[in-house]
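To start, the structure under review is shown below, and the notes come after it.
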Amino acid sequence: MTQEGPATPGSWEQRWHPLREEWVIVAAHRQQRPWTGNTVAAPAPTPVAFDPGCYLCPGNTRISGAVNARYAATFVFDNDHPCVGPDAPTTIVPPTPFYRAAPAVGVARVVCFSPQHDLTLAEMPPAAIAGVVDVWRRQTRELGARPEIKQVLCFENKGEIVGVSNPHPHGQIYATSFRWKTFDTELDASARHQRETGRGLMADIIRAEQRDGRRILHEDEHVIAFVPYFARYAYEVYVAPKRRVAHVFDLTDDEIASLAGALSAVTVAFDNLWRMPFPYVQVLHQAPTDGGDHDAFHFFIGFNPPLRQPHLLKYLAGPEIGGGNFVSDTSPEAKAAELRAQPRVHYKHA
Ligand SMILES: [Zn+2]
């Protein structure tokens, strides 16, 4: 690993995050500081293709008693332990005056990406990943059309380090009666940028990344993937369509094929980096579905990896939890260079 010192340009500075409108402190010169704390255990051994005890594998019975379809590609079902759902109590205990509460209505669903228990996105062919994107497209449209749903949050938590003990490839969907904070922040910034400059905010970000070029991981006619200049996490990656759409369901089939290719390229690079299933939180950044004017919003997918070195967690502490801004211990250029250097073929298939 390159030894970076305080004198290395770009390794110690503040960078402006234009979508969140906040500063990120890049303090990459601290990456090599001594570490005597806990490290993260290596992931569990490779799972099998079918696990009779898995609640996501085809044909298995879940804890609710429901039986999974013998699906061949993707499979969507209502979460058996929903955080929002139709069964949430509608009678709310009136809080102390001044405080507010509301029923936890909404829909929580699970999306199985593949019938194969041991096949992550990184090892799925792009055509199969396009099938997953198509599920996000249909689910966002269907759930977003419900009058009580203000926003549809699609995400994937991958790896034990982010709390997922089941390796079966799957994501989740939370369709809620409220709008999620992150996307409101991005929407406000995008709308203001559009008003003040007449240009799209993500379009300007993409243009800046193309002009620099060092952090681009993958690009074709429709889609670009890059480590953003203002990355908060080591190995943070944005995957964005070049055409501005507010929701994944506005993408054409050609754009979805490109998006799937980019998701494949990024997740293969992740796994190849340390030759292990690479943990991350993957989030679809979409506009609300509340009927408002969200034309300024530019849909993209963000990968937030929690590890900054193999088995070394990026802890969120005083600055992040307390102050609300990130201190990044890594240089986005150096992390992008590591990902760009990875073979295009998954290490298990090489
Ligand atoms: Zn399974």
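Structure summary
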item	result
Which listed residue, of Y315, Y238, Y233, Y280, is more than 14 Å from the chain's Cα centre (by Cα) and of a type in the set (S, T, Y)	Y315
Total residues in region 113-127, condition among the polar types (S, T, N, Q) and either more than 14 Å from the ligand (Cβ to nearest atom) or farther than 18 Å from P58 by Cα (or both)	0
Matching residues, region 221-232, being surrounded by 15 or more Cβ atoms within 10 Å (Cβ to Cβ) and of a type outside the set (A, V, I, L, M)	H222, F226, P228, Y229, F230, R232
Output for region 177-213, where each listed residue is exposed (fewer than 15 other Cβ atoms within 10 Å of the Cβ) and part of a loop (DSSP other than H, G, I, E, B)	G198, R199, G213
Among the candidates A73, A49, residue that is assigned to a loop (DSSP other than H, G, I, E, B), within 16 Å of the ligand (Cβ to nearest atom) and more than 21 Å from Q139 (Cα to Cα)	A49
Filter result (surrounded by fewer than 16 Cβ atoms within 10 Å (Cβ to Cβ), of a type in the set (A, V, I, L, M, F, W, C) and not in a helix (DSSP H, G or I)) within region 314-348	L316, A317, A341, V345
Criterion (small (G, A, S), modelled with pLDDT of 95 or more, under 27 Å from P9 (Cβ atoms) and not in a loop (DSSP other than H, G, I, E, B)) met by exactly one of A225, A234, A260	A225
Residues (touching a residue at least 40 places away in the same chain (Cβ under 8 Å) and within 23 Å of D271 (Cβ to Cβ)) located in region 310-322	H311, L312, L313, K314
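The values are calculated or read from the model by the stated rules, or taken from the named source; none is laboratory data. Fair warning: this is a prediction, and the values are worked out from it, not measured in the lab. Here the Cβ is made from the backbone with ideal geometry for all residues, glycine too, and neighbour counts use every protein chain on show.
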